[in-house]
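Beneath this line is the structure, given in structure tokens, with notes to follow.
The values are calculated or read from the model by the stated rules, or taken from the named source; none is laboratory data. Computed from a predicted model, the values in this text were never measured in an experiment. Positions of Cβ are backbone-derived with ideal geometry, glycine not excepted, and every protein chain shown enters the neighbour counts.
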Amino acid sequence: MGFILTTLIFLVIGIIACFCARICCNKGPSANLFHLTLVITATVCCWMMWAIVYLAQMNPLIVPILSEGE
Amino acid sequence: MELLKNLPEMDLMRSEKMTFVQLIIPVESAHRAVSYLGELGLLQFRDLNNDKSPFQRTFVNQVKRCAEMSRKLRFLKDQLHKAGLLSSALPAVQSDIDLEALEIQLAEHEHEFIEMNANSEKLQQTYNELLEFKMVLQKARSFLISGKSYETAEGRELEENVYPSDYPETASLMEQATQSGQSNSTGLRFISGIIPKSKALLFERMLFRATRGNLFFNQAPADELIMDHLSSELVEKTVFVVFFSGEQAKTKILKICEAYGANCYPVPEDLTKQAQITQEVLSRLSELETTLDVGIRHRNAALHSIGFQLTIWMNMVKKEKAVFDTLNMLNFDVTKKCLVGEGWCPIFAKPQIQEALQRATFDSSSQIGIIFHVMDTVEPPPTYFRTNKFTNAYQEIVDAYGVAKYQEANPAVYTVITFPFLFAVMFGDWGHGICLLLGALVLIAREGKLSSQKLGSFMEILFGGRYILLMMSLFSIYCGLIYNEFFSVPYHIFGESAYKCRDDSCSDAYTVGLIKSRDAYPFGVDPSWRGSRSELPFLNSLKMKMSILFGVAQMNLGIILSYFNSIFFKNSLDIRYQFVPQVIFLNSLFGYLSLLIIIKWCTGSQADLYHVMIYMFLSPLDDLGENELFWGQRPLQILLLLSALVAVPWMLFPKPFILRKRHAERFQGRAYGILRSSETDIDSEPGSARKHDEEFNFSEVFVHQMIHSIEFVLGSVSNTASYLRLWALSLAHSELSTVFYEKVLLLAWGYENFLIRMVGLAVFAFATAFILLMMETLSAFLHALRLHWVEFQNKFYGGDGYKFQPFSFAAMADDED
């Protein structure tokens, strides 16, 4: 549940970023497509990073064993 | 698919469309046209006179004159520097100074300065001599007075002896003797002079040896430093006086003086004469001083007046030389009234070029217009990307590996994001990221000032990459938040940790460990992991799997870009027999591995993925047992293995055979063409046929395809493993950071002593700044770059084009600096 929710949050942030890019620097269709590509790539990269780390911790096989001196 | 076809061309994706043009320029407007084109900077001229030596070209005289003028300008600039004046460049009033008038002016100035310099040198030399003379006079006086006292004492003795005598003749004889004895009474003569202090000792010894000890050498250091005109440095000098007797000694001493560079000045013995000469010398010195002063001021004024215009003139001469060099690339046509030039220009620039040419025609009041039309050619066009200051740095790092072939997909489009992202995966620490961000913001804020300055080579590279640094720092902050490392310290920013003790006493926290009581930590790595004994096994497993996932994703992106390339170049052969088998091969092996990783994470299964992958190859038909992750895994694995095995000959064999068949068809058609008519221009065939041999070398094509396939197959294993450097570097960074934090800062902070704490803080700061911020940044930059250049780009990039280098004054100014 938390996974899907946060994925949706990433999606929404991505869409908002696309709109911001379109509003801030609207320089013709080819430049717009380029900016869109950049925003989508960045969103996908960030989402992948988060998702990998989240999935890895969902069902962990080992647990933290505190070391002496903590 | 329809939507994809209707999309506009993306900005940086493919290089600008270029066209080959021909210019026919009448001679009177040639110079003006070329200089207007230089200001525009969008036309690359082809050198039509490549086979001629520089001296056979048309405008060689003008080029020589420009070179001569720039030599004179450099001389003037040198003079300016030597005088210590700075050439202040006034914002140029671009008055159209005639080049020939400038030439004459420069010649005049140069002559004037050479004369002034020669004169002032002579004056300076005279001044030095007089100064030395003055010093010799001052010091020698004291020597001579003491010498005099000896003489007068002896003279008095003689006189006393004389006077009681009654014989006037004897008295007169004696008197004569005493009189001549004043110069020769003790047979003593002297030479006075001045010599550099360093040589004084050797000089004295030499004199001693030469005169066999029959001399008296007196010396005293001079008060002031004197300018040695040979070395133009201030040296210490010593005044000396040598008393000797005899003619031979005199010649010897004079020769030795000359050899040692000692300057001899005659000092009269008479006190009054000495005083007189001293006065003269002093007055002449002050005269000379004023003369020299006036001379220097005059020269400085002259330099000042031209100093303003020096930069303008230099730019003008540079531009003129560039224009003549370009004119040398053009050919005269048959009538000798027009110049013909050929070159490349982007299609969007054609109207601008035409407008510039029209202006040139108008401005030079020529009757004939300049002809500008498109030509066909078989040469591949140059590659031109229109970048802004943000994308320029990325395009440069892509070009450093290889310039894109004309109109193939440009990896820079994705590199803008993925390069800083992969850097951040290896650098992830939001404390260090903030430091990098501050640095990048400082560079960007002072952009205007720094871009006009001349920077050192290291600063220039750093300044050029300021936007890359900005992106790297932003992504590093993001990845640092995910890895939960702030100078290696984790924080509970996103809520509570998911782990807690099994019971309230926390007794077995050190043996069996904590237990997962809540949902996974919502953003990033759980802070409980830091410092635990099982931290490394967990993080290593996480990061290695993450590297594989990113690697497979980026490689798939590369293969998809090769698909877009094939679509663009309408190469359906490549799609069917290269793209499809490549996708199948990569994804049935490593895509499947990625899938297994994700399934294992989602289900929490204990399956050993190494085992699964290896036995998929070794014994695919065996039962999986406890390594089964999902239902139907075994048949799926067999299917994937078979697909991968089929994909290899699929990418190896069909393409060469089909190419041979196509060539045979074309060749067959051509044979008929040749029989039909000999007037048919063979050049009307598509360009590629003209370039290639009639022979289709099948073995060459086959070997090429084999190399390509083997490279891909083996490369898919090695490249996937290569992405593990993402894990390795991020581990190294994290460990270094932990060591500096725990073993330096915490250790020093543990002591109560203020001094030790400060020292510890300083060592921590230096270590962080130099090792983590500089060395690790460079290291992660390099590895991210390698991942892009090799693992990403070898899936689709040709990189064998050449860059568009237009004739442009702006680019030339950058080049010169």
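Quick look at the numbers
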quantity: Cβ pairs under 8 Å, 6+ apart, first in segment B:447-475 and at pLDDT 90 or above, second assigned to a loop (DSSP other than H, G, I, E, B); calculated: B:PHE463/B:LEU455
quantity: Matching residues, segment B:339-352, being under 25 Å from B:ASN49 (Cα atoms) and surrounded by fewer than 21 Cβ atoms within 10 Å (Cβ to Cβ); calculated: B:VAL340, B:GLU342, B:LYS350
quantity: Subset of segment B:505-534 [in a helix (DSSP H, G or I) and either more than 7 Å from chain A (Cβ to nearest Cβ) or of a type in the set (Ser, Thr, Tyr) (or both)]; calculated: B:SER507, B:ASP508, B:TYR510, B:PRO527, B:SER528
quantity: Boolean, B:LEU539 is facing chain A (nearest Cβ under 10 Å), closer than 17 Å to B:LEU593 by Cβ and touching a residue at least 40 places away in the same chain (Cβ under 8 Å); calculated: no
quantity: Only listed residue being part of a loop (DSSP other than H, G, I, E, B), away from every other protein chain (no Cβ under 14 Å) and exposed (fewer than 15 other Cβ atoms within 10 Å of the Cβ), chosen from B:LEU48, B:LEU42, B:LEU85; calculated: B:LEU85
quantity: Residues located in segment B:347-362, provided they are among the aromatic types (Phe, Trp, Tyr) and over 36 Å from the mean Cα position of the chain (by Cα); calculated: B:PHE362
quantity: Identity of the residue in segment B:601-626, within 14 Å of chain A (Cβ to nearest Cβ) and part of a helix (DSSP H, G or I), that ends up modelled with the lowest pLDDT; calculated: B:GLU626
quantity: Test: residue in segment B:554-569 that is touching an Asp or Glu at 6+ places or on another chain (Cβ under 6 Å), more than 14 Å from chain A (Cβ to nearest Cβ) and within 30 Å of B:GLN705 (Cα to Cα); calculated: yes
quantity: Test: residue in segment B:717-737 that is over 27 Å from B:GLY480 (Cα atoms) and not in a helix (DSSP H, G or I); calculated: no
quantity: Residue that is nearest to B:LEU589 (Cα to Cα) [pool: residues in segment B:646-656 that are under 49 Å from the mean Cα position of the chain (by Cα) and surrounded by fewer than 17 Cβ atoms within 10 Å (Cβ to Cβ)]; calculated: B:VAL648
quantity: Residue check, B:LEU675 part of a helix (DSSP H, G or I) and modelled with pLDDT of 90 or more; calculated: no
quantity: Given (1) away from chain A (no Cβ under 11 Å); (2) among the aliphatic types (A, V, I, L, M); (3) over 49 Å from the mean Cα position of the chain (by Cα), number of the condition B:VAL489 does not satisfy; calculated: (3)
quantity: Options B:ALA33, B:ALA67: the member that is touching a strand residue (DSSP E or B) at 6+ places or on another chain (Cβ under 7 Å) and assigned to a helix (DSSP H, G or I); calculated: B:ALA33
quantity: Single unsatisfied condition, B:ALA813 versus (1) under 30 Å from B:MET316 (Cα atoms); (2) free of Cβ contacts under 8 Å to residues at least 40 places away in the same chain; (3) of a type outside the set (Lys, Arg); calculated: (2)
quantity: Single match in B:LEU772, B:LEU745 (criterion: free of Cβ contacts under 8 Å to residues at least 40 places away in the same chain and of a type in the set (A, V, I, L, M, F, W, C)); calculated: B:LEU745
quantity: Those helices (runs of 4 or more DSSP H) lying entirely in segment B:381-474 with at least 2 residues under 30 Å from B:PHE569 (Cα atoms); calculated: B:389-401, B:412-427
quantity: Residue within segment A:47-60 that is assigned to a helix (DSSP H, G or I), at the interface with chain B (Cβ under 8 Å from one of its Cβ atoms), modelled with pLDDT of 90 or more and under 26 Å from B:PHE390 (Cα atoms) present; calculated: yes
quantity: Answer residue from segment A:22-46, given it is of a type outside the set (S, T, N, Q), surrounded by 18 or more Cβ atoms within 10 Å (Cβ to Cβ) and more than 7 Å from every other protein chain (Cβ to nearest Cβ) and is nearest to B:SER730 (Cα to Cα) among those; calculated: A:VAL39
quantity: Count of segment B:364-423 residues which are hydrophobic (A, V, I, L, M, F, W, C) and more than 13 Å from chain A (Cβ to nearest Cβ); calculated: 13
quantity: Filtered residue count, segment B:5-30, keeping only those that are within 14 Å of another protein chain (Cβ to nearest Cβ), within 18 Å of B:GLN805 (Cα to Cα) and not in a loop (DSSP other than H, G, I, E, B); calculated: 0
quantity: In segment B:317-354, the residues that are part of a helix (DSSP H, G or I) and free of Cβ contacts under 8 Å to residues at least 40 places away in the same chain; calculated: B:PRO351, B:GLN354
quantity: Residue identified as closer than 17 Å to B:GLY41 by Cα and of a type in the set (S, T, N, Q) among B:THR383, B:THR415; calculated: B:THR383
quantity: Strands (runs of 3 or more DSSP E) wholly inside segment B:189-275 that include at least 3 residues being modelled with pLDDT of 80 or more; calculated: B:189-196, B:215-221, B:237-244
quantity: Residues that are among the small types (Gly, Ala, Ser), within 19 Å of the chain's Cα centre (by Cα) and within 20 Å of B:PHE564 (Cα to Cα), drawn from segment B:363-411; calculated: B:GLY402
